[in-house]
Amino acid sequence: MRHEGPTRRTVLTAALAAVATTASLTAGCTRHGTTDDGRAPHGTPAPSEQQATGPVLAVKIDNVAAARPQTGLDSADVVYAEQVEGGLSRLMAVYATKLPEAIGPVRSARESDLELLRQFDRPTLAFSGAQKKLLPLIGRAPLRPESPAEASGAYYRSSSRPAPHNLYLRPARVMPDGAPGRGALTTGFRYGPAPAGGTVTAARTVRYPAARFTFTWSADRNRWLVSMDGTPARTTAGTRLAAPTVVVQYVKVTTSRFHDVLGNYTPYTETVGSGKADVLRDGRSFKATWSRPAATDGTTFTGADGAPVNFADGPVWVLLVKA
């Protein structure tokens with residue numbers, strides 16, 4: 001997409017004034033009409049009793065072949081995968097317990113990100129830029145935007161890759177107080193013993209129109225090994241990406257009002273609502289129903305017996321797939 005790259009603070013400020021009447025996905029209202037910006041009004045338990053000391057860091061990460069291997073992705077507590085233009089995928093990595101030295105390549109934000117991030121309390125969003133008409137919504141959303149326009153000293157370009165796949169974030173420069181702790185992960189996820197039943201699963205492939213993910217169970221590591229487009233996924237440090245829990249969440253995907261300079265409209269992934277899901281853990285797949293009644297709520301996963309589907313302790317990958 002050609003709209004990548006640093007945004008200017010003056011552009012964002014001017015755009016805010018120009019769309020003061022726009023309420024969608026902002027602090028007072030989301031696409032789904034939420035008017036209360038309270039934090040998780042019904043209350044969802046944190047992964048541990050540790051109190052949060054600040055907001056999570058969310059980073060938009062490139063996921064085309066030219067962007068791999070990525071940096072710092074193995075330190076994320078939650079990795080969301082979503083469909084973008086051309087049927088490709090992009091990642092949103094959320095950090096609460098650990099900040100790596102660098103993260104990237106960093107790419108642009110999408111409208112869907114604003115709804116997804118409403119579950120967190122004023123998260124910091126690191127992104128390379130956004131479509132011009134989307135910038136006002138980002139500025140009005142209940143988050144702290146940290147693009148190169150707001151934090152130029154936090155970003156650097158690598159000479160080993162061509163633009164736009166070479167922009168990296170130094171997270172310590174936008175999170176000076178460090179990682180906030182697990183209490184900041186207000187995702188609604190529950191962790192604990194595996195539910196009964198499930199289907200033995202050696203591997204699971206999830207497909208987007210022009211991308212695919214495969215998760216292969218490793219009994220030795222007690223994790224699902226990640227492959228992207230048929231290639232084992234590793235970080236720049238050589239670490240194989242893996243997670244003890246993988247969620248395939250079936251969601252409604254519509255067309256965003258925003259598009260790139262070529263006229264390709266961005267898919268809009270709705271993460272408020274309910275639907276079906278598959279939860280992969282311990283070498284098994286468990287059928288579940290997901291529910292997120294309001295944007296400020298986390299997402300819960302319930303089995304056919306009505307009991308919560310617990311996740312295994314550790315990182316979680318969530319694949320947002322069109323129902």
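What the table below lists for this structure:
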| read-out | value |
| --- | --- |
| Check on residue 242, surrounded by 15 or more Cβ atoms within 10 Å (Cβ to Cβ) and not charged (D, E, K, R) | yes |
| Total residues in the range 200-232, condition part of a loop (DSSP other than H, G, I, E, B) and touching a Ser or Thr at 6+ places or on another chain (Cβ under 6 Å) | 1 |
| Selection within the range 291-308 - open to solvent by less than 40 Å² (accessible area, probe 1.4 Å) and acidic (Asp, Glu) | 297 |
| Which numbered condition residue 54 fails, given (1) at pLDDT 95 or above; (2) more than 25 Å from residue 256 (Cα to Cα) | (1) |
| Residue satisfying condition, being closer than 19 Å to residue 181 by Cα, touching a strand residue (DSSP E or B) at 6+ places or on another chain (Cβ under 8 Å) and open to solvent by less than 20 Å² (accessible area, probe 1.4 Å), within set 288, 312 | 312 |
| Any hit, the range 110-125, residues being over 22 Å from residue 319 (Cβ atoms) and open to solvent by less than 10 Å² (accessible area, probe 1.4 Å) | yes |
| Count of the range 133-177 residues which are in a loop (DSSP other than H, G, I, E, B), small (Gly, Ala, Ser) and open to solvent by 30 Å² or more (accessible area, probe 1.4 Å) | 3 |
| When residues of the range 180-212 are limited to those that are in contact with a helix residue (DSSP H, G or I) (Cβ under 9 Å, 6 or more places away or on another chain) and crowded, with 20+ Cβ neighbours inside 10 Å, the one nearest to residue 319 (Cα to Cα) | 208 |
| Meets criteria (buried (at least 21 other Cβ atoms within 10 Å of the Cβ) and either closer than 20 Å to residue 131 by Cα or not aliphatic (A, V, I, L, M) (or both)) for residue 60 | yes |
| Among (1) at pLDDT 95 or above; (2) closer than 30 Å to residue 312 by Cα - the single one residue 173 does not satisfy | (2) |
| Within the range 73-96, tally of residues that are touching a residue at least 40 places away in the same chain (Cβ under 8 Å), open to solvent by 10 Å² or more (accessible area, probe 1.4 Å) and either basic (Lys, Arg) or outside any strand (DSSP E or B) (or both) | 5 |
| In the range 96-126, the residues that are farther than 22 Å from residue 183 by Cβ and more than 12 Å from the chain's Cα centre (by Cα) | 101, 102, 104, 105, 106, 107, 108, 111 |
| Only one of 282, 220 that is on the phi > 0 side of the Ramachandran plot and either open to solvent by 50 Å² or more (accessible area, probe 1.4 Å) or of a type in the set (A, V, I, L, M) (or both) | 282 |
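The values are calculated or read from the model by the stated rules, or taken from the named source; none is laboratory data. Everything numeric here is computed off the predicted structure, so don't read it as measured data. As a convention, Cβ positions derive from the backbone with ideal geometry for all residues, glycine included, and neighbour counts pool all protein chains shown. Calculation scope for accessible area: heavy atoms of the full protein, side chains included, ligands and nucleic acids excluded. Shrake-Rupley method; radii C 1.70, N 1.55, O 1.52, S 1.80 Å.
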